[in-house]
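The values are calculated or read from the model by the stated rules, or taken from the named source; none is laboratory data. The structure presented is a predicted model; accordingly, all values stated were derived computationally and were not measured. A quick note on method: Cβ atoms are made from the backbone with ideal geometry, for glycine too, and the neighbour counts reach across all protein chains shown. Ligands, DNA and RNA are excluded from the accessible area calculation, which covers all protein heavy atoms including side chains. Shrake-Rupley method; radii C 1.70, N 1.55, O 1.52, S 1.80 Å.
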Amino acid sequence: MDRMDFIQGVTRTRVLETRLLSKARIDRMIEAKDIEEVFKILNETEYSNAVAGISRSEDYENILSHELKRVYKLMREISKNQIVVDLMALKYDYHNLKVLVKERKLNKDLADLYIPIGTTDFHKIKDGFLEGNLRDMQPEFKDAIEAVIKDFELTKDPQRIDLIFDKFYFEHLYKMAVNTGIELFINYVRDMIDFINIKSSIRLKKQGKDMGFFEDVLLPNGNIDKDAILFTLNDSIENMINRFKNSRISSKLIKGLEAYKTTGRLSDLEKYMDNYLVEINQPSKYVSFGPEPIFSYIVAKETEVKTLRIIMVSKLNKLSPDATRERVRDLYV
């Protein structure tokens, strides 16, 4: 990957960074009296076109979907190499694969759950799947679908559809990141895997799952040793904190585990994971030549959209500004 290929893309990205929502604007939305006031504040920003088409407050998700589609389309125009965008878009491919298989195997209409963002034309994947023709499909997607269907036919357990697709997704994502040779991209994936494995340990412990099940769920390619992760299934939160205090992700992991210990909410651990993944992208602000600023801008927009979703859901559920502020993510700006 030639860093000089991204000079123009980085220049355009620097302009886009100035349009990211500021902390002051986020605070105004948190303090807003209702979701309609949040829409008015967003109408002052680059979200204005998306807000214009909304007539009901319950349709807030359309605003966020519109913005993500706009951003991914724009970044594909800006990026000289599409893999920089694909690294963030790949999760939508696997989300759609989950929906596709569940529709067929559970005999449900889940058309509203598809997300029109990804690395490829999903209509072609869907058409091939429905026709029983997987030959022309990307090998990673083909292998994932075949593995999921084989497992479902044996177990009839719909929960395993998500678990198996997630393993294929992270293996695919890690391979993509390694192929770029960019340290940030590899660290981003490996660190995220560590967070997810630790979160899985806590969730499975609450569900009373055994070590064999955890081994099946555990994602490879993290930084933390696999055995160290497996042992956490029998750990207290205090022991987990001590076990991982010297890990790469400890700065936010320890805070996330302490927050979980206090509240019992895994969403608190997820918040600190998101904050960590934004933090490791901060140095991209000082990169003049290379793909990192483009990738980091997409991370910033994804985090911004997640923050807006938290604010809007909080307004609809009439949560206090303080309760909302506890849930929002750190911003890239």
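Per the conditions (1) assigned to a helix (DSSP H, G or I); (2) within 30 Å of P293 (Cα to Cα); (3) open to solvent by 30 Å² or more (accessible area, probe 1.4 Å); (4) in contact (Cβ under 8 Å) with a residue 24 or more places away in the chain, the sole criterion not satisfied by F141 is (3). With the requirement that a residue be of a type outside the set (V, I, T), surrounded by 19 or more Cβ atoms within 10 Å (Cβ to Cβ), touching a residue at least 40 places away in the same chain (Cβ under 8 Å) and not in a helix (DSSP H, G or I), what does the range 177-228 give you? The one that is of a type outside the set (V, I, T), surrounded by 19 or more Cβ atoms within 10 Å (Cβ to Cβ), touching a residue at least 40 places away in the same chain (Cβ under 8 Å) and not in a helix (DSSP H, G or I): L219. Suppose the filter is assigned to a helix (DSSP H, G or I) and either modelled with pLDDT under 90 or not acidic (D, E) (or both); does S247 pass it? So S247 does not fit the description; no. If L134 meets every condition in (1) in contact with a Lys or Arg (Cβ under 6 Å, 6 or more places away or on another chain); (2) modelled with pLDDT of 95 or more; (3) farther than 27 Å from D274 by Cβ; (4) not charged (D, E, K, R) apart from one, which number is that one? Here L134 meets the rest and fails (2).
The condition of being among the acidic types (D, E), over 21 Å from the mean Cα position of the chain (by Cα), surrounded by fewer than 20 Cβ atoms within 10 Å (Cβ to Cβ) and on the phi < 0 side of the Ramachandran plot holds for only one of D166, D235, that being D235. Of all residues in the range 94-135, how many are free of Cβ contacts under 8 Å to residues at least 24 places away in the same chain and either assigned to a helix (DSSP H, G or I) or farther than 21 Å from K73 by Cβ (or both)? Qualifying residue count for the region: 19.
Taking the options V299, V313, name whichever one is under 20 Å from R19 (Cα atoms) and in a helix (DSSP H, G or I).
Numbers: V313 fails: under 20 Å from R19 (Cα atoms).
Among V299, V313, only V299 is under 20 Å from R19 (Cα atoms) and in a helix (DSSP H, G or I).
Just need a number here: residues in the range 30-89 that are open to solvent by 60 Å² or more (accessible area, probe 1.4 Å) and among the aromatic types (F, W, Y). Residues flagged as open to solvent by 60 Å² or more (accessible area, probe 1.4 Å) and among the aromatic types (F, W, Y) within the range 30-89 amount to 0.
Quick one: which of E270, E292, E258, E279 is at pLDDT 95 or above and more than 20 Å from the chain's Cα centre (by Cα)?
Just one listed residue meets the conditions, E258.
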